[in-house]
Amino acid sequence: CSSAAKSNTLPSVLQVSTSSHNTSVDNPAVTANKRHIKSFLNTYVNHRLKTEAYTNEDINDVADEFALVLKGSRKRPHDANLTNTMFPIKKPYLVGSSVAANSKNPMEEFNTDMKDSLKESKMEMDSVHGSYTNSSLQTKKTVQEYDSAIMLCKICDISSSSSKSIRCRNSHAICQNCLEDEIRLVMASDKVYLSCPVESCKAAITLDSLSSVLPSFILDLLGDNLRLKEQRASAKAIKKMQGLVICPHCSCPGLLEEYLLHFICATCKSSCCRYCKAPWAHQEEHDGCYLLSIVGTECLKDISKLPQNWNLNITPFNKSFVQVNVPLTSNEGSAVAAFFAKTSSAKCHVVQILRIQNLKLWEKYVLKRKHAEEDIGAADLKEKFLFHGTKAENIVNICAEGFDMRVPTSNGALLGKGIYFSITSKYSERYADKSGMIFLARVICGWSQHGQKQMTRPQYHGTSRRMYDSCVDNVSSPTMYTVFDNSQCYPEYLIQFS
């Protein structure tokens, strides 16, 4: 039945009824419209039967109903309930009766009913379409809200909610896990700011933007870490400023001309040497302080750091040291030559300066210096540049192994059996042979006592359980120093003069 109804072809019973009608109906109105009857029946039956499956009895009822309509009978279908429920007809189509005279033409009423049905169908479709449209808009809005609430991390390509992600200024999304990894790297490095971890992006990320993503204790640790590194970087930058001197007493900075040694603090009014920071008494005591500062300060505090004036491109093959020529026109060379000329004989002048680069001896010296500074303080360290004259046959051994107190001295060991140094080059020139070469050594003088001929080591200093560091010819104004430990002195320059 269903397939017959959907195929726009009337069932056989209806076709029979239609044929019966065509041969027996004489009503003028029906005859005039008989060309529409077949299409009318097809449309009506298809409309009634297209949504549900009906039995043959139901189709027979429909056929009987239309047969009665066409013959002008007043009889209703035998089952009123069926008519009212399954095939509702608002008004019986009575043809050829008194009622028919006052009734509308059956086709006109059919057209009216069809228009009403079309209107109702259109309203229903509009309602359905409106509901669908509203649903689509709501769905689209929900999807947009979902998209805005979800972020795809640019680093790990993992989606996460916006409450656990941030965007940098270049709109790169970063999840919480990738942020924490970047923070660990920043805290372990020298960086003083947090930036976007995307390789091609360097946008800075502020701590305020992380407050909604990371716990407060992580932000506190990161903030403290960045502030501390900023302070260190600022202090390091200040120290690199030319002419800047830091007072050893109140730590206040001050500017001083490059050629001046005497520094007076504008805050605490203390007076000291700009290089060695020792109290200022006489100019002569600090003539070699500039030379002492050429190597820098880092290498004197950290044994793993090398002097900043060393030439690292020259590698000593089969040697423990290397001799590097220092041009006389350089700042270092001119300073060494001037220091030599200040106390030399009038007829002597510098021909060549060689810098001794011996890592083993340097490490021994730095370690000894560090221990002495811890014991007596930087002010009493009294690190000085002193001269040492020797024969040409001893030069290579001194460059390789350092000064040796076991080597007999030419002065008869007046201050003890140690290593002798002079504050003047003129005095040391006498102990150099025809080679015309003397050493300019870096020496830790420290606590000094008056030397004696038979001494093999200094005496203890007062009530402390620490010996003196050196012996001198005159405690108040020494011109000669003797030390008993070759790690206290480093042969830094070899000067050739004529």
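The values are calculated or read from the model by the stated rules, or taken from the named source; none is laboratory data. Values in this document were obtained by computation on a predicted structure and should not be read as measured data. So basically every Cβ, Gly included, is an ideal-geometry build from the backbone, and we count neighbours across all protein chains shown.
The table that follows gives values for the structure above.
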quantity: Counted residues, region 464-492 - those being free of Cβ contacts under 8 Å to residues at least 24 places away in the same chain and either surrounded by fewer than 18 Cβ atoms within 10 Å (Cβ to Cβ) or over 53 Å from the mean Cα position of the chain (by Cα) (or both); calculated: 5
quantity: Filter result (part of a helix (DSSP H, G or I), without any contact (Cβ under 8 Å) to a residue 24 or more places away in the chain and within 21 Å of residue 227 (Cβ to Cβ)) within region 163-212; calculated: 182, 184, 185, 188, 208
quantity: Hits in region 364-411 (condition: more than 54 Å from the chain's Cα centre (by Cα), modelled with pLDDT under 85 and either closer than 20 Å to residue 475 by Cα or hydrophobic (A, V, I, L, M, F, W, C) (or both)); calculated: 405, 407, 411
quantity: Qualifying residue in region 288-304 (condition: among the β-branched types (Val, Ile, Thr) and farther than 28 Å from residue 472 by Cα); calculated: yes
quantity: Region 146-197 - residue that is farther than 11 Å from residue 213 by Cβ and among the hydroxyl-bearing types (Ser, Thr, Tyr) and, of those, modelled with the lowest pLDDT; calculated: 146
quantity: Residue match in region 337-357 (condition: farther than 24 Å from residue 424 by Cβ, surrounded by 12 or more Cβ atoms within 10 Å (Cβ to Cβ) and touching a strand residue (DSSP E or B) at 6+ places or on another chain (Cβ under 8 Å)); calculated: yes
quantity: Test: residue in region 411-420 that is among the hydroxyl-bearing types (Ser, Thr, Tyr) and surrounded by fewer than 22 Cβ atoms within 10 Å (Cβ to Cβ); calculated: no
quantity: Of the criteria (1) farther than 28 Å from residue 462 by Cβ; (2) surrounded by fewer than 20 Cβ atoms within 10 Å (Cβ to Cβ); (3) of a type outside the set (Phe, Trp, Tyr), which one residue 399 fails; calculated: (2)
